[in-house]
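The values are calculated or read from the model by the stated rules, or taken from the named source; none is laboratory data. This one's a predicted model, so the numbers in the text were calculated from it and none came from an experiment. Cβ atoms come from the backbone with ideal geometry, glycine included; neighbour counts cover every protein chain shown. Side chains are part of the model used for accessible areas, which takes the heavy atoms of the whole protein and leaves out ligands, DNA and RNA. Shrake-Rupley method; radii C 1.70, N 1.55, O 1.52, S 1.80 Å.
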Amino acid sequence: MNNIININSCKFKYANSNKNIIDIKSLTIKSGEHIFLRGKSGSGKSTFLNLLSGVLSPNRGAIEILSKDISLMNSSQKDRFRGDNFGTIFQQLNLIPYLSVEENISLACEFSKQKSHNIVNLTVEIETLLSALELPLEFKSKKAMTLSVGEQQRVAVARALIGKPKIIIADEPTSALDSDSKEKFMQLLFKQVELQGSTLIFVSHDIGLASYFNSVYDFSEINEALV
Amino acid sequence: MRELLYLTYKSILNRKLTFLLSVFSIAISVVLLLGVDKAIKSSKSHFINTINETDIVVGSSNGSLDILLNLVFHLSDPLKEMSYKSFEDIKAFDEIKWAVPLSLGDKFHGFDVVSTNEEYFKYYRYSSSKSLEFERGKGFEEFYDVVLGSKIAKKLKMKVGDIVHISHGSHHHEHKNRDFKVVGILNQTLTPNDETLFMQLKADEAIHLEWQSGHFVDMGISSEKLSHMNIKPKHISGMFLGLKSREIILSVEEKIENYKDENLKAVIPAKALSKLYKLMKNMQDILMLISLAVFITAIFTMLSSMYSTLNERRREMAIFRSLGAGVNVIFWLFAMEALLIVISGIIFGLITLEIALYVISVNFPFEIMFILDTYELFMLLVIIGVALIASLFPAFSSYKSSLQDGLMVKM
């Protein structure tokens, strides 16, 4: 397997601070790997995810994704790169409340040419994803804010997956779910991620979910800034 | 761009009420700012043209303002009277085209009575040379005929053919034995004429025959007989003059003021009215300031409604960014919404203003300019400019917070 992400001596500190919040000597993630990143709040994982998705730039070091050093890109190149290659699922409130489920999902293709290129028929693709995620098709036209939290999280998975991005980032996506829907969510997510062959970076403090993954890291071991 | 507009549209749809309220408050301030300016300008032109094409007003007082206030506006204390002989002499000047005598002092239900002759209706002009017209009836024919201003007729619900009695002076003492007949009602002019009862000068003189040093003395003369006595007036309050040419206005003014038999004062109404109008300048400044305050309030209304959603929309911004939107998209998402508020507000305001002006122009004898003049256009540009600049503040704030938040919003 190829390396999809290569991080080398990457350091980052916020402008108003003199202490590094991120200091990663080396991190390699292989293509198609499913990674569980265990991190407590305040461990710098939010900053790490911002660095990974190119919202922040490291002060030193390289972040190579898909053989491109994103720390060398300008901000609009990084935005495009993120839109094309990433799918992101947040803890909660993943959807634009005033848009329909269908509009929320297709939004991913509005901001990325590559994602819309990867799709033959958007409507068919959305319907396929909805049924794969066990959501009724009538939801397409429903406003996002009328859905339950569990339903919203699954729509967020659909949006993250549409257009077949190489990397899926999930930031505590199950923390707002009860244990039954948590289980269901993990199964559905894994099934789809495997189907698409995407690399999954899953951040959570819930070690109980680690059994789903082939690699489990403790973020405090990767990030030396805290030691 | 297309999706940006669509997202803005959807977001506004989600916030219809606040959006409409912001649009209305901008619209109201546009109507007020431009409307007040229009109102000031048209009322100024209306005021200055309260009396038009009357070149000179003559009275016997020393104060030109007194003469103007009394003869044109029917305000101020009674003037020192001038003799009717002077009127006849001046009327006979070569330069004079027409001359109308005026006598004031009597009252009718609290309204002013002006005694004059048929020529008053022929020569009086207001606004931009509108003449007095009869809404009903006609001018004087018979001795006891009177004409009513529109407001009196409306207020007292009088019609042509009604019989009226005139009060002597400002006392509540009526010339009860003399029946006057309403023969005409004037159109609304928004000048003092609306609140005036006009009677014939000769009738005025005749009914005062029975008043001696402030007391009524019944001489037993019948109305019929009185009308044929042909009593010539001795004194009048003043006169309106029209000249054959406006170029000689100053020389005629001088000629009247040097009139040998009596001390007379000639007032050029156009000049005096402009001077008088300056007294109202403060009032207009205050009106303009109030409109300006309303405009500023409208801008703050818009800003506060946008800022109040800023925090709840931070998550939204993170979602857009995670999907590949740059911070400039976040900026424009907010800017677009504010711009739409501003533009809709201004368009809505302008339409409302024009409708209001139209309604006013149909119902009142004002001269109204529907098109914005240069000053008003400039004002509109300032409104647009200020609103646009203000609209960029929440956009910039969201841009900044989105830069800070990145994808991970910590609420």
> What are the ³J(HN,Hα) values, in whole Hz, obtained from phi via the Karplus relation 6.51 cos²θ - 1.76 cosθ + 1.60 with θ = phi - 60°, for each residue of segment B:91-103 in sequence order, with x given for Gly and Pro?
Replying inline: 4, 7, 4, 5, 6, 7, 8, 8, 8, 10, x, 9, 9
> Fully extended, how many nm does the chain gain between B:Y358 and B:K10 (0.36 nm per residue separation, minus their Cα-Cα distance)?
Replying inline: 121.7 nm
>> Accessible area of segment A:1-126 with a 1.4 Å probe: how many percent of it is carbon plus sulfur?
In response: 45
> Using a 1.4 Å probe on protein heavy atoms, which residues of segment B:291-336 have at least 30 Å² less accessible area in the complex than alone?
Replying inline: B:R315, B:E316, B:I319, B:F320, B:R321, B:S322, B:L323, B:G324
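Roll a 1.4 angstrom probe over the protein heavy atoms and tell me the percent of accessible area of segment B:260-399 that is carbon or sulfur. Numbers along the way, then the final one.
Values: 5370 of 7100 Å².
Roughly 76 percent of what the probe reaches on segment B:260-399 is carbon or sulfur.
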> segment A:145-175: which trypsin sites (Lys or Arg not before Pro) are DSSP loop and have at most 13 other beta-carbon atoms within 10 angstrom?
Replying inline: none
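Report, as an integer, the average count of C-beta atoms from other chains found within 10 Å of each Cβ along A:86-98.
Details: counts 4, 2, 6, 1, 7, 2, 1, 8, 4, 3, 10, 6, 8.
Rounded to a whole number, the mean comes out at 5.
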>> Looking only at chain B, where both bridge partners belong to it, what percent of the DSSP beta bridges are antiparallel (to the nearest 5)?
In response: 80
> Where the centroid of each part is defined by its Cα atoms, how far is segment A:113-131 from segment B:252-280 in Å?
Replying inline: 88
> How far, in degrees from 0 to 90, does helix B:2-14 lean away from the longest principal axis of the Cα atoms of chain B, to the nearest 10?
Replying inline: 70
> Which lysines have a Cα lying under 25 Å from the Cα of B:K80, excluding residues fewer than 8 positions away in the same chain?
Replying inline: B:K91, B:K107, B:K202, B:K232, B:K234, B:K255, B:K260, B:K265, B:K271, B:K275
> With the solvent-accessible surface defined on protein heavy atoms using a 1.4 Å probe, which residues belonging to segment A:107-124 display a reduction of at least 50 Å² in accessible area in the multichain context relative to the isolated chain?
Replying inline: A:E110, A:F111
>> Amide H of B:H235 versus every other amide H placed in the peptide plane: which residues, excluding those fewer than 5 positions away on the same chain, fall under 5 Å?
In response: B:Y84
> How do B:303-309, A:82-88, A:70-76 rank on mean C-beta neighbours within 10 Å, highest first?
Replying inline: A:82-88, B:303-309, A:70-76
> Give or take rounding to whole Å, what are the principal axis extents of the alpha carbon atoms in segment B:1-142, in descending order?
Replying inline: 86, 36, 32
> Between B:V164 and residues 5 or more places away or on another chain, which pairs have amide H atoms under 5 Å apart, with H built 1.01 Å from N, and which residues are they?
Replying inline: B:F180, B:K181, B:V182
> Under 5 Å between amide H atoms, partner at least 5 residues away or on a different chain: which partners does A:H34 have, H built in plane at 1.01 Å?
Replying inline: A:L200, A:N214, A:S215
> Between segment B:294-323 and segment B:5-33, what's the alpha-carbon centroid distance in Å?
Replying inline: 13
> For A:K113, which lysines qualify as cross-link partners when the Cα separation must be under 27 Å and same-chain residues fewer than eight apart are set aside?
Replying inline: A:K30, A:K68, A:K78, A:K140, A:K142, A:K143, A:K164, A:K166, A:K191, B:K10, B:K400
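With a 1.4 Å probe, how much accessible area is buried between chains B and A, both sides summed, in Å² to the nearest hundred?
Counting both chains, the buried surface is close to 2400 Å².
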> Taking only protein heavy atoms and a 1.4 Å probe, what accessible area per residue, in Å², does segment B:284-388 have with all protein chains in place?
Replying inline: 47
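Is segment A:124-208 best put as rounded, prolate or oblate by its Cα gyration tensor, with a ≥ b ≥ c the root eigenvalues, rounded for a/c under 1.5, and otherwise prolate when a/b is larger than b/c, oblate when not? Mind showing how you got there, number by number?
Details: a/c = 1.86, a/b = 1.15, b/c = 1.62.
Oblate, because a/c is 1.5 or more while a/b does not exceed b/c.
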>> I'd like the FRET efficiency for A:L137 and B:L21, computed as 1/(1 + (r/R0)^6) with the beta carbon distance as r and R0 of 30 Å, rounded to 0.05.
In response: 0.20
> What's the carbon and sulfur percent of segment B:101-172's accessible surface, probe 1.4 angstrom, rounded to a whole number?
Replying inline: 48
> Within segment B:271-304, which trypsin sites (Lys or Arg not before Pro) sit in a loop by DSSP and count at most 12 neighbouring Cβ atoms inside 10 Å?
Replying inline: none
>> Can you give me the C-alpha center-to-center distance between segment B:69-136 and segment B:348-411, rounded to a whole angstrom?
In response: 49
>> With angles folded into 0 to 90 degrees, how steeply does helix A:149-161 sit against the dominant principal axis of chain A? Use alpha carbons for both and round to 10.
In response: 70
> What does chain A give for Rg and for Dmax, in Å, if only its C-alpha atoms count?
Replying inline: 17.3, 52
> B:F93 versus A:N8, label points 7 Å from Cα toward the beta carbon: distance in nm?
Replying inline: 10.6
> Do you know which residues of segment A:44-65 lose at least 30 square angstrom of accessible area in the protein assembly compared with their chain on its own, with a 1.4 angstrom probe?
Replying inline: A:S46, A:N50, A:V55
>> Spelling out what I want: for every residue of segment B:325-334, take phi, set θ = phi - 60°, compute 6.51 cos²θ - 1.76 cosθ + 1.60 (Karplus), and round to whole Hz; glycine and proline get x.
In response: 6, x, 5, 5, 5, 4, 4, 6, 4, 7
> What fraction of the DSSP beta bridges in the protein assembly as shown is antiparallel, stated in percent and rounded to the nearest 5?
Replying inline: 65
> Which of the trypsin sites (Lys or Arg not before Pro) found in segment A:24-57 are in a DSSP loop and have at most 12 neighbouring Cβ atoms, other than their own, within 10 Å?
Replying inline: A:K40
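Of the peptides B:293-300, A:114-121, how do they stack up when ordered by the mean number of other Cβ atoms within 10 Å, highest first? List each step's numbers first, then the result.
Numbers: B:293-300: 17.4, A:114-121: 14.2.
Going by the mean number of other Cβ atoms within 10 Å, highest first, we get B:293-300, A:114-121.
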> Whole-Hz Karplus ³J(HN,Hα) for segment A:136-145, in order, using 6.51 cos²θ - 1.76 cosθ + 1.60 and θ = phi - 60°, x for Gly and Pro?
Replying inline: x, 5, 4, 5, 3, 8, 6, 5, 4, 6
